[in-house]
Structures are given as C-alpha cells and as structure tokens.
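Step one of this worksheet: look at the structure below.
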Amino acid sequence: MKTQTAATPSPMTLFLALNAYHRTAAIKGAIELDLFTAIAEGNTTVAQIAKHCGASERGVRILCDFLVVDGFLTRSGDHYALTQDSAVFLDRHSPAYLGGMVRFLTHPEYSKAYSDIAEVVRRGTTLLPDGGSVKVENDLWVAFADGMANMMVPAAQRIAELIGADQDKAMEVLDIAAGHGVFGVTIAQQNKNAKITALDWPAVLEVAGKRAQSAGVGDRYRTLPGDFFKTELGGPYDVVLVTNFYHHFDLETCASIARKVKAALKPGGKMVTLEFVPNDDRISPPVPATFSLVMLASTPSGNAYTFAEFERIFRAAGFGQTTRQEVMPGHPETILVAQ
C-alpha cells in the first residue's frame, strides 16, 4: 500500500501573488482602450483591433494574448473573441457593463492605501491622511457612484423584493450613503407610492439624482446632502437602507449608527443592511474574509463584521430579530434585515 506524500513545494503561488498587479494593469488598460467593445463589434484580428483602438499592433497582440491566458478572451487562429463573462460585463453595449468599476477600484487613493502594508499592520490603521476613505467630501465616492452602479443591481433588486416594494403600499425610505442611488431608485421603480430620501455628500448626490431622473422617479426622490453623523435624518421612515456603510467604522461607531437609524424608523420599520459578512472563522468565504484588509488599509478603524457581531449591535440599539438573506448564489455580500 502506497503512502501519501506531500506535494512538492512550489514557488508559483508566491510568484503569482507578487506579479498580481500585472493582471490589474492589463485589464485596466484593456477597458481604457475599449478593447472588449471593439471585439464585440466584429474587430477580431490584431490589425482590426489596433485600428479601432488607436493602438499599435504589437501592443494589441501582446495584450490580447495576455488576456487569453488570463481568461478574458479566447483565440482561434488569428481571431480573438470574448468569453461569456467578458461579453456580459465588458462590452460597453451590454446592459450589465461593469467596465466603469475601473475608475473606483483602481482609484489612486486605494492604490496608495496599499503602498506599505507592513507599516499599516505595525500601526493597525490606514496611512492615508484625514480619515482615509471616510474623510469628508472624498471624491473617491464620486468615482464609486459613477462606476459601481451596475454591480449593485442584483442586490438592489433583492432588497426591493425583501421589503415588499412590489406591493405598491405607501412607503417612506431613507437611503444612507446613497452613492449611485441604485438601491432607492430600484425601490421607487417597483413601487409607485414609494418616496425616497437619499443622504450623501453633495457631489455624490448629483450622480444619484441624475440616475433617479433618468429612471423616471425624480419626482419621488429627495436628496439630503451632508454628513450622516451631523445631519438630522427626519422621518419617521418605513425602511432605512444602510448599504456598505457599517464596515468603515469600529464597533462603537457602528452601534451609534444603529441607534440613530432606529430613532428614525416608524414602529415596526425595517433597517436593511448590505455587507461583506465573513463566517465566524474569519477565513471564509474568501471575498468577505479578505475584505477586512481593505478596511485596514483604507480606514482608521473599519472591519468586516460577522453576523453575530451585527446581531449584538442591532439588538443593543433596540431592534428585534435580525435575519440574513442571500442576494443570489455566489454573491459576496449578505443582506441583513433588522425589524
């Protein structure tokens, strides 16, 4: 009987990790060149793609081959084609186009946040000045509002379903840190009697307001410019949306957020939270578990919190039961509904 031997040690995991920025640079460059849209429009050879993108044939050939290896393109002979994912998410003509995310996810401030992780770990906080990503009037969030909207559509649709937006009952909704506005706008589209109040920085609300107007719900979409911690929320509301907000702060601040939200709700109202929620082991699932590093690098005291931690925060603020809901299979975020 053969005994099982350990796999031979390999440096490839280390090598690929240290070179991972090559992948980021390649996909960023391809999006900026609009290379995927060029191929979708029928430009499939190096010469055709290069002409369409205004680029050198040598550069296009090397970049396209890299993207084949990386799984974003396929090649048959001299012709390149989009993969299924690239066709859905990287062709500018697709309604699910996500290329705009490049502006937010490769924003210089985020890159700078990761420039010296060893020192970040020594200090236990971001090296970015003035509060990092949560500093006042940070233009990073304008980039977020511009680029991340389509990524949030599945979660917005699921939230609208969970709060019963399709029932057309009168509904007052507060959208905290509204950003792109997709969450509130989706609810207003599904419920003709829903009125949305969106809270965020003025420059960010310009993006959300335009989205509401283009969606035909501008007459039921009110903007409330300001800092959540200093702004009177008004109300009372039937639903308060707190999407991708708690993770920027420490537990004590999160508790103060929950108390302020509770005070703005009608009796029986709901707080709906969208978050990266790792399991109690904090090493699974992969995306929520690794999100804590994003917060370590970019905020003074943010974190990815477990469901148990959210339950304790919400209960202490006066909420009853908190339930967790899946956005869709494989989605990295979790919806929490506190009654």
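Side notes on the structure shown:
- Against the main long axis of the alpha-carbon atoms of the chain, helix 202-214 sits at an angle near 90°.
- Residue exposure sequence - Thr125, Thr13 - by fewest surrounding Cβ within 10 Å: Thr13, Thr125
- Radius of gyration and maximum dimension Dmax of the chain, Cα, Å: 22.3, 76
- Among Leu224, Leu16, Leu105, the largest mean-square fluctuation in a Gaussian network model of the chain, built with springs joining Cα atoms closer than 10 Å, belongs to Leu16.
- Computed from Cα atoms, the angle from the helix 251-264 axis to the main principal axis of the chain rounds to 50 degrees.
- Each of His52, His93, His248 was scored by other Cβ atoms within 10 Å of its Cβ. Arranged with the fewest first, they read His93, His52, His248.
- Among Pro129, His180, Asn193 the positive-end extreme of the charge dipole of segment 97-194 (Cβ point charges): Pro129
- Test item: Cα-centred dipole of segment 12-99, Lys/Arg +1 and Asp/Glu -1 on Cβ, debye: 160
- Relative to one another, the C-alpha centroids of segment 240-297 and segment 175-205 are positioned 19 Å apart.
- Taking each DSSP H run with n ≥ 4 as -39500 (n - 2.57) and averaging over every residue of the chain yields -12500 deg cm²/dmol at 222 nm.
- Hits among lysines - C-alpha to C-alpha of Lys262 under 24 Å, sequence gap 8 or more where chains match: Lys169, Lys195, Lys230, Lys270
- FRET efficiency for Met328 and Leu127, using Cβ-Cβ distance with R0 set to 41 Å, rounded to 0.05: 0.70
- Residues Ser86, Ser115, sorted so that the one with the fewest Cβ neighbours within 10 Å comes first: Ser115, Ser86
- Against the rule of thumb 2.2 N^0.38 Å, how large the Cα Rg of segment 12-99 comes out: 1.06
- Farthest towards the positive end of the charge dipole of the chain, among the residues Phe229, Ser256, Gly99, is the Cα of Ser256, using unit charges on the Cβ of Lys, Arg, Asp and Glu.
- Neighbour net charge for Arg103 - beta-carbon separation under 13 angstrom, K R +1, D E -1: -3
Rule-based calculations on the coordinates, nothing more; no lab input. For clarity, every value in this text was computed on a predicted model and none was experimentally measured. Neighbour counts run over all protein chains shown; Cβ positions are idealised from the backbone, glycine included.
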